[in-house]
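Notes follow the structure.
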Amino acid sequence: MSTETKEFLKSLLLVVFSALTASISIHGFVNPANLYPAGFVGIAKLVTEILAKYFNIHIQYLLLYLVIQIVLTILVMKYIGKRFAILTTIQFTIVSLSDFFIPNFHIVDDRILLVLFGGMITGISSILALKAKASGGGTDYIAIYTQNHHPHVPIWDYIMYLNWAVLLVAGFIFGFEAAMYSMIFQFVSTTIINNMDSRHKLNGLYIITEYEDDVAEAIFSKFSRGITKLWGEGAYTKTPKTMLFMVVNAFEVEEVCRIILSIDEQAFINVTKSERVVGNFVRHKIT
């Protein structure tokens, strides 16, 4: 089995877990608490309730969600990669069909707990999809596209504001209590994503080693990262020292450290947080 196939199967497994997690959030937290879920799920639920209330037309909102997602995926296909589109389609299809294999269930009756934990589970679902280089579709398409081209934009916060706008509309039509609880739900979910999404968090590595060339070559063979050499002297030993400096994504730190220590067990590595990098830094895009 090729490495590419293994990576795809790993991503597929993450996507399935992401979809099941999202489905549990909907049927165990969103529906019992009478909330409006995130993104296009929330829009689909709002539309179906309007149709039921004013036109006596009853449609399962997750099926409407599936139709919307398929149409949207076709429209944005040229802007996203084939792999991303396939995995994302699998994710939202499982969520949409979850009505047939996951019934609504009650864990607790406390609405606040349902809101808080439902938001956490929904955020974790999104993180699992992102780790698989996929998404839940809908507004996530906007988020991924923006992150790929403008990584410093806090897009998940803007998506939350968009969801809040939808919830305000729901509040005017159906009452503000459920809408306000749903806004808290969205805030919790967005906070989880912002804190756990490591793809755009950066770390600086300061590496002091006696095998600077071997370490640099080993890192180059695995990562497309620039490295700068700095020369100094040990204050106590008075011996010449070489320090390597580089910036990596947060999720790359452990692998880089492992490579360094496999060559020089005595290497000294200082890991720092980088608030922002301006210049020629290769950022990983989801395609």
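Across region 228-243, not a single residue is classified as modelled with pLDDT of 95 or more, among the aromatic types (Phe, Trp, Tyr) and more than 30 Å from Ala33 (Cβ to Cβ). Among the residues of region 98-142, just one is surrounded by fewer than 19 Cβ atoms within 10 Å (Cβ to Cβ) and closer than 17 Å to Thr73 by Cα, namely Ile142.
Per the conditions (1) buried (at least 17 other Cβ atoms within 10 Å of the Cβ); (2) free of Cβ contacts under 8 Å to residues at least 12 places away in the same chain, the sole criterion not satisfied by Val95 is (2). Look at (1) without any contact (Cβ under 8 Å) to a residue 24 or more places away in the chain; (2) within 22 Å of the chain's Cα centre (by Cα); (3) surrounded by 15 or more Cβ atoms within 10 Å (Cβ to Cβ) and you find that Ile227 fails only one, number (2).
A search for C-beta distances below 7 Å between a residue of region 260-280 that is farther than 22 Å from Tyr211 by Cβ and any residue that is loosely packed, with under 11 Cβ neighbours inside 10 Å, counting only pairs 6+ apart in sequence or on different chains, returns Arg276/His152. Scanning region 48-76 for residues that are within 25 Å of Phe105 (Cβ to Cβ) and not acidic (Asp, Glu) yields Thr48, Ala52, His58, Ile59, Gln60, Tyr61, Leu62, Leu63, Leu64, Tyr65, Leu66, Gln69.
Can you confirm whether Ile26 is under 15 Å from Gly136 (Cβ atoms) and touching a Ser or Thr at 6+ places or on another chain (Cβ under 8 Å)? Walk me through how you get there before you give the answer.
Details: under 15 Å from Gly136 (Cβ atoms): yes; touching a Ser or Thr at 6+ places or on another chain (Cβ under 8 Å): yes.
Yes, satisfied.
For every residue, the table says whether it meets (1) of a type in the set (Lys, Arg); (2) more than 17 Å from Pro151 (Cβ to Cβ); (3) in contact with a Leu (Cβ under 8 Å, 6 or more places away or on another chain).
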site	(1), (2), (3)
Asn195	no, no, no
Arg199	yes, no, yes
Leu202	no, no, no
Ile207	no, yes, yes
Glu210	no, yes, no
Phe223	no, yes, no
Gly234	no, yes, no
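The C-beta contact set for region 1-18 (first residue closer than 21 Å to Ser135 by Cβ, second residue small (Gly, Ala, Ser) and in a helix (DSSP H, G or I), distance under 7 angstrom, 6+ apart or interchain) comprises Val15/Ala129; Ser18/Ser125; Ser18/Ala129. Any residue at all in region 5-28 that is over 24 Å from Ile192 (Cα atoms), under 20 Å from the mean Cα position of the chain (by Cα) and not aliphatic (A, V, I, L, M)? Checked against the condition, which is being over 24 Å from Ile192 (Cα atoms), under 20 Å from the mean Cα position of the chain (by Cα) and not aliphatic (A, V, I, L, M), region 5-28 yields at least one hit.
Residues that are under 30 Å from Thr239 (Cβ atoms) and of a type outside the set (Phe, Trp, Tyr) do occur in region 194-204. Which one is surrounded by the fewest Cβ atoms within 10 Å (Cβ to Cβ) among residues in region 60-92 that are closer than 18 Å to Thr48 by Cα and free of Cβ contacts under 8 Å to residues at least 24 places away in the same chain? Within region 60-92, the match that is surrounded by the fewest Cβ atoms within 10 Å (Cβ to Cβ) is Val71. Looking at Gly175, Gly138, Gly171, Gly123, just one residue is in contact with a helix residue (DSSP H, G or I) (Cβ under 8 Å, 6 or more places away or on another chain) and at positive phi, and that residue is Gly138.
Considering (1) in contact (Cβ under 8 Å) with a residue 24 or more places away in the chain; (2) more than 14 Å from Gly138 (Cα to Cα); (3) of a type in the set (Gly, Ala, Ser), the lone condition that Ala52 does not fulfil carries the number (1).
The values are calculated or read from the model by the stated rules, or taken from the named source; none is laboratory data. Note that this is a predicted model, so its numbers are computed, not measured. Glycine also receives a Cβ, built like all others from the backbone with ideal geometry; neighbour counts cover every protein chain displayed.
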